[in-house]
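Step one of this worksheet: look at the structure below.
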Amino acid sequence: MLDKAHRLNKHGSYSFVYRNGKRLSEPDVVLFFTPARTVRVGFSVSNKVGKAVVRNKVKRRLRAAAGLKLSRLKGCQAVVSANPSAAGKDYATLDGELTRLFERAGLLK
C-alpha cells in the first residue's frame with residue numbers, strides 16, 4: 001500500500017506533472033512523470049473506465065502495484081492514469097504494464 005507521504009494529493013501537483021512532465025503509455029496505463037527529490041505518485045481514473053465500483057477496483061490494483069515498487073523508484077513525481085480498457089484487466093496485467101512503464105522511464109534503480 002502507498003503511504004500518504006508518497007501520494008500526490010493536490011490538484012496543483014497533478015497539473016504540474018501533466019504540464020511539465022514526460023508521457024509514456026502502454027495499452028491500459030499511461031505514466032506522466034517529472035524528476036524530484038522524493039517519490040510521490042498519484043492515480044487518475046476517469047469516468048470512461050466505468051462506474052465507481054470499477055474505477056475504485058482499478059485504482060486499488062494500480063496503487064498496490066506501485067506500492068510494491070516504491071522502494072526501487074528514483075526520486076520523481078508521477079501520475080498513473082488508466083485507460084478505459086483497464087477495466088477488464090487483472091492485477092498481473094496492470095502490474096506488468098506499470099513495471100514496463102517505470103523501466104522505460106528510467107525510474108527503477
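The values are calculated or read from the model by the stated rules, or taken from the named source; none is laboratory data. None of the values given here were measured: they were computed from a predicted structure. Here the Cβ positions follow ideal geometry from the backbone for every residue, glycine too, while neighbour counts run over all protein chains shown. Just the protein is used for accessible areas: all its heavy atoms, side chains included, with ligands, DNA and RNA removed. Shrake-Rupley method; radii C 1.70, N 1.55, O 1.52, S 1.80 Å.
Would a scan of segment 15-36 turn up a residue that is of a type in the set (A, V, I, L, M) and in contact with a Gly (Cβ under 6 Å, 6 or more places away or on another chain)? Give the steps one after another, and end with the answer.
Filtering segment 15-36 for residues of a type in the set (A, V, I, L, M) gives 17, 24, 29-31, 36.
Adding the requirement that they be in contact with a Gly (Cβ under 6 Å, 6 or more places away or on another chain) leaves 36.
Looking for residues that are of a type in the set (A, V, I, L, M) and in contact with a Gly (Cβ under 6 Å, 6 or more places away or on another chain), one finds at least one in segment 15-36, hence yes.
If you take the residues of segment 1-19 that are in a loop (DSSP other than H, G, I, E, B) and under 21 Å from Arg61 (Cβ atoms), which of them is modelled with the highest pLDDT? Break it down into steps so the answer makes sense when it comes.
Step one: of segment 1-19, the residues in a loop (DSSP other than H, G, I, E, B) are 1-3, 8-10.
From what's left, under 21 Å from Arg61 (Cβ atoms): 1-3, 8-9.
On the way: Met1: 72, Leu2: 80, Asp3: 84, Leu8: 93, Asn9: 90.
Residue satisfying both the conditions and the ranking: Leu8.
Could you say whether any residue in segment 40-53 is touching a Lys or Arg at 6+ places or on another chain (Cβ under 7 Å), at pLDDT below 95 and not basic (Lys, Arg)?
No, the conditions are met nowhere in segment 40-53.
Mind listing whichever residues of segment 64-83 are small (Gly, Ala, Ser) and touching a residue at least 60 places away in the same chain (Cβ under 8 Å)? I'd like the intermediate steps shown before the answer.
Start the filter on segment 64-83 by keeping residues that are small (Gly, Ala, Ser), which leaves 64-67, 71, 75, 78, 81-82.
Matches in segment 64-83: Ala64, Ala66, Gly67, Ala78.
Might you let me know whether segment 54-77 holds any residue that is more than 22 Å from Glu103 (Cβ to Cβ) and small (Gly, Ala, Ser)?
There is no residue in segment 54-77 that is more than 22 Å from Glu103 (Cβ to Cβ) and small (Gly, Ala, Ser).
When you scan segment 45-67, do you find a residue that is open to solvent by 30 Å² or more (accessible area, probe 1.4 Å) and among the β-branched types (Val, Ile, Thr), even just one? Let's see the steps before the verdict.
Going through segment 45-67, the residues open to solvent by 30 Å² or more (accessible area, probe 1.4 Å) turn out to be 46-48, 51-57, 59-61, 63-64.
Then keep just the ones that are among the β-branched types (Val, Ile, Thr); that gives 53-54.
Yes, because at least one residue in segment 45-67 is open to solvent by 30 Å² or more (accessible area, probe 1.4 Å) and among the β-branched types (Val, Ile, Thr).
Pairs needed: first member in segment 36-63, closer than 21 Å to Phe16 by Cα and among the aromatic types (Phe, Trp, Tyr); second member anywhere, open to solvent by less than 30 Å² (accessible area, probe 1.4 Å) and part of a helix (DSSP H, G or I); C-beta distance under 9 Å; at least 6 residues apart or different chains.
That search, which allows pairs on different chains as well, returns Phe43/Val58; Phe43/Leu62; Phe43/Ala66.
How many of the residues in segment 42-101 are within 12 Å of Val29 (Cβ to Cβ), assigned to a strand (DSSP E or B) and not polar (S, T, N, Q)?
Within segment 42-101, residues that are within 12 Å of Val29 (Cβ to Cβ), assigned to a strand (DSSP E or B) and not polar (S, T, N, Q) number 6.
So, of the residues in segment 14-44 that are within 19 Å of Gly106 (Cβ to Cβ) and small (Gly, Ala, Ser), which turns out to be least open to solvent (accessible area, probe 1.4 Å)?
Applying the first criterion (within 19 Å of Gly106 (Cβ to Cβ)) to segment 14-44 yields 17, 20-26, 29-41.
Remaining after also requiring small (Gly, Ala, Ser): 21, 25, 36.
On the way: Gly21: 24, Ser25: 51, Ala36: 41 Å².
Here the residue is Gly21.
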